[in-house]
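Data first, discussion second: the structure below is written as structure tokens.
The values are calculated or read from the model by the stated rules, or taken from the named source; none is laboratory data. On a predicted model such as this, the values are computed, not experimentally measured, just so you know. Glycine also receives a Cβ, built like all others from the backbone with ideal geometry; neighbour counts cover every protein chain displayed.
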């Protein structure tokens, strides 16, 4: 078959890239080889536009066991316990087929975690939809939520935290990011690096079908009017098989039969075999007629490019084949030796003893294109926002407007569809600043949270990048956890557009600065470019997933007020920054302006002092102040409890709206017992931390003195209406 | 007391229930579905999860598995059998309990803490509870909407075979306090001999104050006596 221009284009390869392939092979590729190059060189697998920027991120600390480059990141939490985690996007498939797209997103990220020898203990997600008024939003929301739940519930791993946001920028390109967190023994972590010659390469799991062929290439292009035609490239998930695969893999991992293991995710058999061989500087030879197939007459091309789910590739120690086979047989899973490692440093693909393709491994991996794409700095020439002459709105009306908006409404309509309790270690379920998961049979726990702020990132990418890291850090601190490391999912538009590339570069700059300052390294992640439709790019939406450690569990801390007659202290300084706030967006539809500034020094100092107070058992509840500002955060502490707060107005701040709705950073609210007030105030003063004693908890009513007084039940109702009516 | 937890492919609350049983001083064994021998047990538990991926119909394939013949034999000879969630669905599939579990009325998976009321405390499963006691227990299911024919329903009521009903925090049994559409708010039932209990709520999730409450403890302490 002749490789025509049209075929090259269909494989998403540029002409220059095709030339490079010919040069590397010293001949023309055949169709199978072209397909393999396109699978390995697309943006999704090769990180060709992002690689040079990602290198700048801090990836090390004394807790980091494995940084980016493996299936997932690994951190040390002491006592031979390690936490393995990663976040990944499944945006494009989820827009085309929301249930399966979201479900397989969860399945894929779980495999990344248990491939490394970890039992998954928590799932999180960050999902972004278009405007609620857009004709597709409702069905996408329904499909994605039931897809996430369908997979996690069935496999029996609790879905414990997440965020759901609506913005018209995602009207035709939703975001579905799934994060998985697992627990492993530090001395029992499995990697993907192949070692040794003539070792068996084993295929385990589901059979290979024709689903998802070129899925990764699809995820590396913008959508257009023919998007719907891409349905066949979406994979179909089977959480039941994944549960079997999980148990079988963990059973096999108990001894040392496995040399290397890699899940077949994006670009399936191709990327898994190439990655293992490349890391071990070896070759790999596969006999494709042995690949278990679901359908008849599958060609080597289809086998190599299928993205059928729930499959793994394992390189076994000599003589372990039968032992391993018995385990997979017990779980009714396929187990076939399909090849071996070689010293040729080539990927050799045979079908019935005939060589169908032969490519140097280096050409696919190390020699993949890397682009230093053109980028432009964000134009932040001041838009003159005149906030002086806005129509006056009273505090309560503004609060109600925000609490009843889609982005701030209570999300139990979503979270009630996820099993949050299975495995019986969920100390704090979703709805708080971060979820808390106990390490099984131990008295320590981890806290997890995912966060994003696309509006901030759009208006000022560097500040936005910093802010999301800080918000994530605050969320973990608010539940009493010491933040250890993050994973990031970088959702952006078309990298060939220099403004988009600029947003990417600058957001990353912000993330890097914050991570470095807070000693909060990045250990894994994923880049999703080409989010957009018909040349319209989404807002830059990096998502941060953080893991923190609670080394000794006492009582899990959340943001719910515990009793009446306690003091509420606002830690951190309020400047009243309203630009980019929910207040302006929900009340005046103003979306211009700069995001709040991030002062990393304050962030760190305030965070560390809160942790200290929690450590000394001086805090009854804590809450990070973020989107919506002070009054929204105060109301969140009350809603869902029987207790409200009597809040004093500030003595010397110009505008009430600025004080109560400004989104200044580095701030926390803490509830403290009267008897501890003096010692807390002393600690804060001694450490030069700015704070205000702003109110007292009380029964039943939420009020700002001289402004309004409302029943908590009423606020609860307002906050719970939107989803149930949508 | 000796207990056996039956493990099907796709069971996912097996570890949770085993932990609860051990914590409550049961000597527990895990029994794989392909076994044809059941260790001598005072209590058999069929745990929650998605046995066989819920394919065909939840509980349907598990209801025909190798070990299930042994479970049926033991149950018929009086051994105590507890089916939780998917376990309840499996028990109805085997015919050990009558009725069936339909899709939740709202057609969605539901996970939250609900209130249930104890209707009968004169059984091996519930003796440590008070009649009318309200428990807050977690539910997590797609198909928990219990349904049965009118003749059986009459029998359930007449012979006091309803173990738990969904209610509100004040004990009111009504539509608002019914999470899934179950007939007469039924959350759990006994067989006629009261040696088999099937229930949708998860008592094994409610034995640890740190993660929830301890409303499930008395179910296990009733059994151990």
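Specify the residue that is farthest from residue A:153 (Cα to Cα); the eligible residues are those in region B:35-65 that are away from chain A (no Cβ under 13 Å) and over 18 Å from the mean Cα position of the chain (by Cα). Among residues in region B:35-65 that are away from chain A (no Cβ under 13 Å) and over 18 Å from the mean Cα position of the chain (by Cα), the one farthest from residue A:153 (Cα to Cα) is B:40. Within the bounds of region A:650-661, is there any residue that is in contact with a strand residue (DSSP E or B) (Cβ under 9 Å, 6 or more places away or on another chain) and at pLDDT 95 or above? Looking through region A:650-661, at least one residue is in contact with a strand residue (DSSP E or B) (Cβ under 9 Å, 6 or more places away or on another chain) and at pLDDT 95 or above.
Per-residue answers, yes or no, for (1) modelled with pLDDT of 95 or more; (2) surrounded by fewer than 24 Cβ atoms within 10 Å (Cβ to Cβ):
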| position | (1), (2) |
| --- | --- |
| A:195 | yes, yes |
| A:198 | yes, yes |
| A:211 | no, yes |
| A:249 | yes, no |
| A:254 | yes, yes |
| A:265 | no, no |
| A:277 | yes, no |
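Of the residues making up region A:1-57, those that are in contact with a helix residue (DSSP H, G or I) (Cβ under 8 Å, 6 or more places away or on another chain), surrounded by 12 or more Cβ atoms within 10 Å (Cβ to Cβ) and more than 25 Å from residue A:526 (Cα to Cα) number 12.
Table: residues versus (1) within 13 Å of another protein chain (Cβ to nearest Cβ); (2) in a strand (DSSP E or B).
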{"position": "A:108", "(1), (2)": "no, no"}
{"position": "A:112", "(1), (2)": "no, no"}
{"position": "A:116", "(1), (2)": "no, no"}
{"position": "A:121", "(1), (2)": "yes, yes"}
{"position": "A:124", "(1), (2)": "no, yes"}
{"position": "A:127", "(1), (2)": "no, yes"}
{"position": "A:134", "(1), (2)": "no, no"}
{"position": "A:146", "(1), (2)": "yes, no"}
{"position": "A:152", "(1), (2)": "yes, no"}
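Determine whether region B:78-101 contains at least one residue that is within 27 Å of residue A:160 (Cα to Cα) and surrounded by fewer than 21 Cβ atoms within 10 Å (Cβ to Cβ). No, that holds for no residue. When residue B:109 is tested against (1) within 14 Å of chain A (Cβ to nearest Cβ); (2) more than 29 Å from residue B:214 (Cα to Cα); (3) surrounded by 22 or more Cβ atoms within 10 Å (Cβ to Cβ), just one condition goes unmet, and that condition is (2). Between A:333, A:269, the distinction of being within 14 Å of chain B (Cβ to nearest Cβ), under 34 Å from the mean Cα position of the chain (by Cα) and at negative phi belongs to A:333 only.
Could you tell me whether region A:237-244 includes any residue that is away from chain B (no Cβ under 14 Å) and either under 23 Å from the mean Cα position of the chain (by Cα) or surrounded by fewer than 24 Cβ atoms within 10 Å (Cβ to Cβ) (or both)? No, every residue in region A:237-244 fails to be away from chain B (no Cβ under 14 Å) and either under 23 Å from the mean Cα position of the chain (by Cα) or surrounded by fewer than 24 Cβ atoms within 10 Å (Cβ to Cβ) (or both). Selection of region A:75-106 for residues being assigned to a strand (DSSP E or B) and touching a strand residue (DSSP E or B) at 6+ places or on another chain (Cβ under 6 Å) yields A:75, A:76, A:82, A:83, A:84, A:85, A:86, A:87, A:88, A:89. Scanning region B:128-155 for residues that are free of Cβ contacts under 8 Å to residues at least 40 places away in the same chain and touching a helix residue (DSSP H, G or I) at 6+ places or on another chain (Cβ under 8 Å) gives a single hit, B:153. Taking region A:289-311 as the range and being buried (at least 24 other Cβ atoms within 10 Å of the Cβ) and more than 17 Å from residue A:112 (Cβ to Cβ) as the test, the residues that pass are A:303, A:304, A:305, A:306. If we scan region B:20-34, do we find a residue that is under 22 Å from residue B:141 (Cα atoms), away from every other protein chain (no Cβ under 14 Å) and either out of contact with any helix residue (DSSP H, G or I) (no Cβ under 9 Å at 6 or more places or on another chain) or surrounded by fewer than 24 Cβ atoms within 10 Å (Cβ to Cβ) (or both)? The answer is no; no qualifying residue exists. Of all positions in region B:210-219, none carries a residue that is part of a helix (DSSP H, G or I), away from chain A (no Cβ under 14 Å) and farther than 13 Å from residue B:126 by Cβ. Of everything in region B:112-121 that is under 22 Å from residue B:148 (Cβ atoms) and in a loop (DSSP other than H, G, I, E, B), the residue that is farthest from the other protein chains (Cβ to nearest Cβ) is B:120.
Scanning region A:584-600 for residues that are out of contact with any helix residue (DSSP H, G or I) (no Cβ under 9 Å at 6 or more places or on another chain) and over 18 Å from residue A:517 (Cα atoms) yields a count of 2.
In summary, helices (runs of 4 or more DSSP H) completely within region A:635-726 and bearing 2 or more residues that are surrounded by fewer than 19 Cβ atoms within 10 Å (Cβ to Cβ) and more than 36 Å from the chain's Cα centre (by Cα) occur at A:674-686. So, in region B:1-19, of the ones that are assigned to a strand (DSSP E or B) and within 23 Å of residue A:421 (Cβ to Cβ), which residue ends up nearest to the other protein chains (Cβ to nearest Cβ)? Selected residue: B:11. Any residue in region A:59-74 that is outside any strand (DSSP E or B), without any contact (Cβ under 8 Å) to a residue 24 or more places away in the chain and out of contact with any strand residue (DSSP E or B) (no Cβ under 6 Å at 6 or more places or on another chain)? There is at least one residue in region A:59-74 that is outside any strand (DSSP E or B), without any contact (Cβ under 8 Å) to a residue 24 or more places away in the chain and out of contact with any strand residue (DSSP E or B) (no Cβ under 6 Å at 6 or more places or on another chain). Yes or no: residue B:147 surrounded by fewer than 21 Cβ atoms within 10 Å (Cβ to Cβ), away from chain A (no Cβ under 14 Å) and over 16 Å from residue B:110 (Cα atoms)? Taking the combined requirement at face value, the residue satisfies it. Of all the residues in region B:42-55, those that are modelled with pLDDT of 95 or more, surrounded by fewer than 24 Cβ atoms within 10 Å (Cβ to Cβ) and assigned to a loop (DSSP other than H, G, I, E, B) number 1. Within region A:354-381, if we keep just the residues that are within 30 Å of residue A:657 (Cβ to Cβ) and without any contact (Cβ under 8 Å) to a residue 40 or more places away in the chain, the residue that is surrounded by the most Cβ atoms within 10 Å (Cβ to Cβ) turns out to be A:379. When B:161, B:197 are checked against the criterion of being over 28 Å from residue B:56 (Cα atoms), surrounded by 15 or more Cβ atoms within 10 Å (Cβ to Cβ), touching a strand residue (DSSP E or B) at 6+ places or on another chain (Cβ under 6 Å) and more than 14 Å from chain A (Cβ to nearest Cβ), a single residue qualifies: B:161. Residues in region A:30-48 that are in a loop (DSSP other than H, G, I, E, B) and touching a strand residue (DSSP E or B) at 6+ places or on another chain (Cβ under 8 Å): A:30, A:47.
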